[in-house]
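The values are calculated or read from the model by the stated rules, or taken from the named source; none is laboratory data. What you are looking at is a predicted structure, and each value in this text was computed from that prediction instead of being measured. Please note: Cβ atoms are built from the backbone with ideal geometry, for glycine as well, and neighbour counts cover all protein chains shown.
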Amino acid sequence: MILDHLAVAGTTLAEAAAHLEEALGIRLGPGGAHARYGTHNRLIGLEDGLYLEAIAIDPEQEPQEQPRWFNLDRFAGPARLSNWILRSEDLEAGKPLLPPHAQRHVAMQRGGLKWLMTVPADGLLPYDNLFPAVLQWQAEPPAGKLPQSGCRLTRLILSHPEAAELQAALDRILADPRVAVELGKPAMMAEFATPHGPRVLR
């Protein structure tokens, strides 16, 4: 599995987008709506085939399924980096490598994009939502078609009181030197090289 994208959540999409844009000094492109979970997003491309997503509950949509993904039903406080998402070429084959709670997957669609994605029944991913969701694109991944930011992810740092257990779970599915796990309170931080110099997204 490989890194696909990072998500910044907010109580509103405007707050999530503003937080991301201010942190990195960039402007997000457009996005769309996710009818299944009643959310909407905006996107921007990164170097190395990755992208960033700002996401929030869409007040104009009634979700078809709850709880919502990314634990958004329980989101509170300021906008922040909330989730990271891996890509698999064969999600079904890879599911036994995931923690049992993270093996449930759903079919998603937004416009011409179709994908399968792991979404726990309660919406909360393992390790206080710090374990990655995993998707399998059923169409061409969107990253190459997005407006580009000129930013490159250099490091993703996950902090958790069960750091050793989280690291062991990640070692089963990912080999990416940019991803580091540290002992501490649950938190996530990403470091970027940007046209404005090094920036941090929390």
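At a glance:
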quantity	calculated
Residue match in region 49-69 (condition: in contact (Cβ under 8 Å) with a residue 12 or more places away in the chain, of a type in the set (Val, Ile, Thr) and more than 18 Å from PRO142 (Cβ to Cβ))	yes
Hey, PRO198 in a loop (DSSP other than H, G, I, E, B) and over 26 Å from ASP73 (Cβ atoms) or not	no
Qualifying residue in region 179-190 (condition: in contact (Cβ under 8 Å) with a residue 40 or more places away in the chain, assigned by TED's automatic domain parsing to the domain that holds ALA54 and buried (at least 18 other Cβ atoms within 10 Å of the Cβ))	no
Complete set of residues in region 1-21 that are more than 20 Å from GLN138 (Cβ to Cβ) and in a loop (DSSP other than H, G, I, E, B)	GLY10, THR11, THR12
Residue match in region 63-80 (condition: assigned to a strand (DSSP E or B), of a type in the set (Asp, Glu) and in contact with a strand residue (DSSP E or B) (Cβ under 9 Å, 6 or more places away or on another chain))	no
Verdict on ALA168 being closer than 18 Å to LEU3 by Cβ and either small (Gly, Ala, Ser) or not assigned by TED's automatic domain parsing to the domain that holds PRO100 (or both)	no
Residue satisfying condition, being within 23 Å of LEU97 (Cβ to Cβ) and touching a helix residue (DSSP H, G or I) at 6+ places or on another chain (Cβ under 6 Å), within set LEU174, LEU135, LEU124, LEU201	LEU124
